[in-house]
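The values are calculated or read from the model by the stated rules, or taken from the named source; none is laboratory data. What you are looking at is a predicted structure, and each value in this text was computed from that prediction instead of being measured. Cβ coordinates were reconstructed from backbone atoms using ideal geometry, including for glycine residues, and neighbour counts include every protein chain displayed. Surface accessibility is based on the protein's heavy atoms, side chains included, excluding ligands, DNA and RNA. Shrake-Rupley method; radii C 1.70, N 1.55, O 1.52, S 1.80 Å.
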Amino acid sequence: VAIAGDRIAAIGRIAERGRREIDAEGHVVTPGFIDGHTHLDAQLFWDPYANPSSLHGVTSVIGGNCSFALAPIRAADADYTRRMMARVEGMPLESLREGVPWSWRSTAEYLDALEGRVGVNVGVMVGHSAIRRYVVGADGQREATPDEIEAMAALLRASIEAGGIGFSTS
């Protein structure tokens, strides 16, 4: 595998000698693994390398799975979301309080909060639980009204347009 700058330039038999060569005989050479199901959404703020995933060759992570996403969120719901992540994902509540800025409201703002702060590629799903809580509020166990369903659909569209890579449910 020949690398030029940060790109793969050639694969196979390469006649030219490299400035630096690594003997990978008997090894698997990959550009990095994608972990398509993580719950690193909050952890990335205090662990920008997504350990131990990155130590195992993971270079890209997908968050917001199982309907658990950190955006969109209303400021008043941050404590609810912290407690849900602590309970369901086993994350330390103190880490969620102290290690995450909780400064965003939209998916776009959440992605902006991560920009330039992480050492892995990050994609986020837009979680149904987050959208439902944002639109329906704490009374989310009841059936949503037609207007609320339309508001959730509009919020999902806006979140996907802002960079969300899909919709997750549980």
Exercise. Are any residues in the stretch 81-94 small (Gly, Ala, Ser) and open to solvent by less than 40 Å² (accessible area, probe 1.4 Å), and if so, which ones?
Worked result: 86
Problem set entry | Odd one out for residue 117, checked against (1) touching a Pro at 6+ places or on another chain (Cβ under 9 Å); (2) part of a helix (DSSP H, G or I); (3) of a type outside the set (Ser, Thr, Tyr); (4) touching a residue at least 60 places away in the same chain (Cβ under 8 Å) | (2)
Problem set entry | Tally, over the stretch 51-76, of residues that are under 27 Å from residue 137 (Cβ atoms) and open to solvent by 20 Å² or more (accessible area, probe 1.4 Å) | 5
Exercise. Looking only at residues in the stretch 37-67 that are part of a loop (DSSP other than H, G, I, E, B) and of a type in the set (Ser, Thr, Tyr), which one is farthest from residue 169 (Cα to Cα)?
Worked result: 49
Exercise. Within the bounds of the stretch 157-166, is there any residue that is surrounded by 17 or more Cβ atoms within 10 Å (Cβ to Cβ), touching a Lys or Arg at 6+ places or on another chain (Cβ under 7 Å) and either at positive phi or assigned to a helix (DSSP H, G or I) (or both)?
Worked result: no
Exercise. (1) closer than 30 Å to residue 142 by Cα; (2) open to solvent by 20 Å² or more (accessible area, probe 1.4 Å); (3) touching a residue at least 40 places away in the same chain (Cβ under 8 Å): which one isn't true of residue 48, the others all being true?
Worked result: (1)
Problem set entry | Candidate set: the stretch 95-112, residues that are in contact (Cβ under 8 Å) with a residue 40 or more places away in the chain and closer than 22 Å to residue 49 by Cβ; chosen: the one most open to solvent (accessible area, probe 1.4 Å) | 101
Problem set entry | Subset of the stretch 68-91 that is among the basic types (Lys, Arg) and part of a helix (DSSP H, G or I) - its residue that is farthest from residue 156 (Cα to Cα) | 87
For this session: Filter the stretch 9-45 down to the residues that are acidic (Asp, Glu) and within 30 Å of residue 112 (Cβ to Cβ), then identify the one that is most open to solvent (accessible area, probe 1.4 Å).
Result: 35
Problem set entry | Boolean, residue 153 is of a type in the set (A, V, I, L, M) and part of a helix (DSSP H, G or I) | yes
Exercise. Within the stretch 125-143, can one find any residue that is in contact with a strand residue (DSSP E or B) (Cβ under 6 Å, 6 or more places away or on another chain) and either open to solvent by 60 Å² or more (accessible area, probe 1.4 Å) or assigned to a loop (DSSP other than H, G, I, E, B) (or both)?
Worked result: yes
